[in-house]
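Worksheet: one structure, shown below.
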Amino acid sequence: MTQPLTPSREDYLEVIYQLAEENGTAKISDIARRMSLAKPSVTQAIASLRREGLVYQDRYGPVLLTPSGEKKAKEVWHRHRVIRSFLVEILQVNPVTADRDACLMEHSISDETFGNMEKWLQKESR
C-alpha cells in the first residue's frame, strides 16, 4: 500500500467484505447500490484499490479482496460493530443513529479510545 487509506476507501473495503459475506460475491452494481453511488464512481474507486493491491477484479467480474484488503476490511468492520454496540448498549442511542454514527467514528477514533470502548463492552458482558 503506497498511501494511507481514506475513510472513503475504508468504506469501500467494508462494503465489499459485507457483500461477499452476505452474497458470496461483490459486484460493482451491488457496491454502487449499497453505497448510493454511481457505477462509474465505484469502478474508478475499485481501480484505485486494485492498484493499491487491496482488491482483485477481472474485467466485468466480481470484486474480491486480497489478503491485505480483507485484513483491513475486517479491522474496519470490527471497529464499526464495537462502536455501534457501545452506542446502543451503553449510551442507549437509537440503533439507526448508532449505525450512522459508528460509520463516521470508525475512521477517526483513536486506538486508545477504541480499546477502552472494547474493554468496557467486554466487562459489561460478563
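The values are calculated or read from the model by the stated rules, or taken from the named source; none is laboratory data. None of these values were measured; they are calculated from a predicted model. Here Cβ is always computed from backbone atoms with ideal geometry, including for glycine, and neighbour counts include all displayed protein chains. When the accessible area is computed, the model is the full protein with side chains, heavy atoms only, and any ligands, DNA or RNA have been set aside. Shrake-Rupley method; radii C 1.70, N 1.55, O 1.52, S 1.80 Å.
Considering only 97, 43, 113, the mean-square fluctuation computed in a Gaussian network model of the chain, springs between alpha carbons under 10 angstrom, is largest for 113. Between 12, 97, 28, the Cα set farthest toward the positive side of the dipole of the chain (charges on each charged residue's Cβ, about the Cα centre) is that of 28.
Sparsely packed loop sites in the range 1-109 (the chymotrypsin sites (Phe, Trp or Tyr not before Pro) outside DSSP H, G, I, E and B with at most 10 other Cβ atoms within 10 Å) comprise 60.
Considering only 85, 53, 43, the residue lying farthest towards the positive end of the dipole of the chain is 43, judged by Cα position with unit charges set on Cβ. Loop-located trypsin sites (Lys or Arg not before Pro) across the range 1-67 with a Cβ neighbour count of 16 or fewer within 10 Å are 59, with loop assigned by DSSP.
Across the range 12-22, coupling constants 3J(HN,Hα) worked out from phi with the 6.51/-1.76/1.60 Karplus curve, θ = phi - 60°, read 4, 4, 4, 5, 4, 4, 4, 4, 5, 5, 6 Hz, and Gly and Pro carry x.
Relative contact order, whole percent, for the range 59-126 stands at 33, derived from Cα pairs under 8 Å and 6 or more residues apart.
Put a plus charge on the Cβ of each Lys and Arg, a minus charge on the Cβ of each Asp and Glu, and nothing anywhere else: the dipole of the chain about its Cα centre is then about 320 debye.
With a simple spin-label model that places each label point 7 Å from the Cα along the Cα-to-Cβ direction, the separation between residue 59 and residue 22 comes to 3.0 nm.
Of the labelled options (1) 10.7; (2) 9.2; (3) 8.3, which one gives mean projected area of the Cα convex hull in nm² as computed for this structure? Structure-derived value, by its label: (3).
In whole percent, what relative contact order does the range 1-84 give with Cα contacts below 8 Å and a gap of six or more residues? Walk me through the intermediate numbers first.
Details: 81 pairs, mean separation 27.9, N = 84.
About 33 percent, as a whole number.
Per-residue ellipticity at 222 nm from helix content only, as computed over the chain with -39500 (n - 2.57) for each DSSP H run of at least four residues, stands at -21000 deg cm²/dmol. With a sphere of radius 12 Å drawn around the Cβ of residue 19, what net charge do the other residues whose Cβ falls strictly inside it have (Lys, Arg +1; Asp, Glu -1)? Charge balance near residue 19 sits at -1. Once backbone amide H atoms are built at 1.01 Å from N, residue 65 has 56 as its partners under 5 Å, excluding neighbours fewer than 5 places away on the same chain. Largest GNM mean-square fluctuation among 68, 85, 108, using the chain with Cα springs under 10 Å: 108. Normalised per residue, the accessible area of the chain is 62 Å², obtained with a 1.4 Å probe and no contribution from ligands, DNA or RNA.
Computed from backbone phi with θ = phi - 60° and the Karplus coefficients 6.51, -1.76 and 1.60, the 3J(HN,Hα) list for the range 54-63 is 9, 9, 10, 7, 6, 3, 6, x, x, 8 Hz; x is used for glycine and proline. Applied to the range 76-83, the Karplus parametrisation 6.51 cos²θ - 1.76 cosθ + 1.60 on θ = phi - 60° returns per-residue 3J(HN,Hα) values of 5, 5, 5, 4, 4, 5, 5, 4 Hz, with x for Gly and Pro. Here's how it looks for residue 93: its modeled amide H is under 5 Å from those of 88, which are all 5 or more places away or on a different chain.
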